[in-house]
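Structure, as structure tokens:
Rule-based calculations on the coordinates, nothing more; no lab input. This is a predicted model, so every value here is computed, not measured. Here the Cβ is made from the backbone with ideal geometry for all residues, glycine too, and neighbour counts use every protein chain on show.
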């Protein structure tokens, strides 16, 4: 009798609901397929599950990985093949966006959460942001969690890489001052996800995309910590409890 080689269901990492098996892709599937960069199959299957309640889409393949494992398998010398924007293009674009967004008034203390090589933090410091720190547990230089809080935390293309979303939100909540605001990016599942399945370009385990969110799953996470969720679009989002005064112009809140 044939036996399954993976569990047919898992517990949702956002709401603890039942998550049936959704599909499987080769480990080498990556996001650069959108730009016609296709790696050969390596023969290692990565299974994804999707929550029946909040629609969170995730894999448990990497759950036991250490930072050293991720460095060896994902964030190695070939990583730039599947994420060529990582080094300079993405930090440069994000720095320009933040400079425009905060043109009227800047945060007092800003943290780049999951900030990689620290490029964005350096660019923001050069653009006149008074106090900017970088935190990334996978980069030795920035691996120590800061001991203080920030009125602004930015986190670009990070949440989809994290195997434990609740712990990540707990860390963000610990580091967030009150009033304070988290500005983060992660691409939400498209409306036609059930037609696309794991052919969706953003479902790329070789990029380390292990957690793919619906709006409902982000709402569930925010509510666990008493945070409100707002979105500029399908990719750029905000978390806050009491928004700072400098954010009122783009949250469209009254000035008093």
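Helical runs (DSSP H, four residues minimum) scored at -39500 (n - 2.57) apiece and divided by the length of the chain put the mean residue ellipticity at 222 nm at -6000 deg cm²/dmol.
Which whole-angstrom value gives the distance between the alpha carbon centres of the range 24-69 and the range 201-241? The two parts, judged by their Cα centres, are 17 Å apart.
Taking only the Cα atoms of the chain, the ratio Rg/Rh comes out at 0.97, with Rh defined as the Kirkwood radius.
For the chain, the antiparallel share of DSSP beta bridges with both residues in that region comes to about 65%. Mean separation of Cα pairs under 8 Å and 6 or more residues apart, divided by the residue count, gives the range 1-132 a relative contact order of 17 percent. Over the Cα atoms of the range 133-238, each weighted equally, I'd like the Debye log10 I(q)/I(0) at q = 0.11, 0.12, 0.16, 0.23 Å⁻¹, rounded to two decimals. Rounded to two decimals, the profile gives -0.36, -0.43, -0.75, -1.42. Relative contact order for the range 9-251: 22 percent, from Cα pairs under 8 Å spaced at least 6 residues apart, divided by residue count. The alpha-carbon atoms of the range 5-133 define a convex hull whose volume equals 161 cubic angstrom per residue.
Percent of C-alpha pairs per 10 Å bin in the range 61-140, short distances first: 17, 43, 26, 13, 1.
Computed from the Cβ-Cβ distance with R0 of 25 Å, the FRET efficiency linking residue 229 to residue 39 stands at 0.15. Neighbour counts of C-beta atoms inside 10 Å place 102, 58 in the sequence 102, 58, starting with the fewest. Calculated translational diffusion coefficient of the range 81-199 (10 °C, 1.306 mPa s; Stokes-Einstein with Kirkwood radius over alpha-carbon pairs) equals 104 µm²/s. In terms of the Cα gyration tensor, with a ≥ b ≥ c the square roots of its eigenvalues, is the range 102-161 rounded because a/c is under 1.5, prolate because a/b exceeds b/c, or oblate? Taking the square roots of the gyration eigenvalues as a ≥ b ≥ c, the range 102-161 is prolate.
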